[in-house]
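Take a look at the structure set out below.
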Amino acid sequence: MRRLSNFMMGFVIGGLIGATVALLMSPSSGEELRLQIVDRAKQIQSEVQQAAAARRAELEQQLAALRAPRPRSE
């Protein structure tokens, strides 16, 4: 589980760095570049929120399964 979270964190950070470098290296004007950065930041924020919501739902399901009463074995 820890490996997956480390991988996802690395993926997100790598994506942010890659997007920043790509935007900075593009032949756009300053205003266009700022708009692109804002748009990309909003897109990343949305993706992170969706991933967090999905992960939360998964963890809530696991918690519910752990809290569910277990049949007694005699």
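The values are calculated or read from the model by the stated rules, or taken from the named source; none is laboratory data. Keep in mind the model is a prediction, meaning the values are calculated, not measured. Methodologically, a virtual Cβ is constructed for each residue, glycine included, from the backbone with ideal geometry; neighbour enumeration extends over all protein chains shown.
What the table shows:
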quantity: Filter pass, GLY15 being touching a helix residue (DSSP H, G or I) at 6+ places or on another chain (Cβ under 8 Å), surrounded by 10 or more Cβ atoms within 10 Å (Cβ to Cβ) and of a type in the set (Gly, Ala, Ser); calculated: yes
quantity: Residue tally, condition modelled with pLDDT under 80 and exposed (fewer than 12 other Cβ atoms within 10 Å of the Cβ), over segment 23-60; calculated: 6
